[in-house]
Amino acid sequence: MEIRHKLYPYPVLSYYSDDYIESSFDTVITPVRDGYNIRLDFLAEINNAGIMELLESGKAKIVYHLECAQTGYRVVVSTSKNELSHVIVDKLIHGRLQVCPFIVAETDISNYVNSQFHEDYRGFTFAIERGCIMA
């Protein structure tokens, strides 16, 4: 799954937009050989207090979409924690494994506002539906 730069009708925290100021969402993914398995260690680094609140309250989750085009392997791993490990049987992967990290709304969020919105969004609130990408 290739992620393309996309426009949303609400602010999204991403490296290619300025919807948020002084905020970031980065992940470090470390593959480790574990016998006949591959363990992926995920570490999410979130620099935005409002989004962290959503994660802590269960209104949002960190989601990793894993996909291997050659084998058809596709799975979604979700968590509300910054650190996570996930094990894959190595025969399910051949060639390249793509990993796409997101922060996704776990519930409908009405009147969403964030103190780190770009000034263009200040004074506005947004209705974020369950499943929508937030970062």
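The values are calculated or read from the model by the stated rules, or taken from the named source; none is laboratory data. None of these values were measured; they are calculated from a predicted model. No Cβ is skipped: glycine too gets one built from the backbone with ideal geometry, and neighbour counts run over all protein chains shown. Ligands, DNA and RNA are excluded from the accessible area calculation, which covers all protein heavy atoms including side chains. Shrake-Rupley method; radii C 1.70, N 1.55, O 1.52, S 1.80 Å.
When you filter the GluC sites (Glu not before Pro) in segment 1-108 for DSSP loop state and at most 10 other Cβ atoms inside 10 Å of their Cβ, you are left with Glu2, Glu22. Remark: segment 66-135 projects, on average over all directions, an area of 6.5 nm² (convex hull of Cα atoms). Post the alpha-carbon centroid distance, segment 54-87 to segment 14-34, in whole angstrom. That distance is 13 Å. Charged neighbours of Ile62, selected by a Cβ distance under 13 Å, balance to -2 (K, R count +1; D, E count -1). In a DSSP loop and with at most 12 other Cβ atoms within 10 Å, the trypsin sites (Lys or Arg not before Pro) in segment 66-127 are Lys81, Arg96, Arg122. Taking the Kirkwood radius as Rh and the Cα radius of gyration as Rg, the chain has a ratio of Rg/Rh equal to 1.01. Accessible area per residue was computed with a 1.4 Å probe on protein heavy atoms; Val12 scores about 10 Å².
Short-range pairs are left out: with C-alpha atoms under 8 Å and at least six residues apart, the relative contact order of the chain is 26 percent. Other residues with beta-carbon under 14 Å from the beta-carbon of Lys91 carry, at +1 per Lys or Arg and -1 per Asp or Glu, a net charge of -1. Under the simplified labelling scheme, the Thr30-Tyr15 pair shows an inter-label distance of 1.9 nm, with each label point 7 Å from Cα along Cα→Cβ. For Lys59, the lysines whose Cα falls under 16 Å of its own Cα, not counting residues fewer than eight places away in the same chain, are Lys81.
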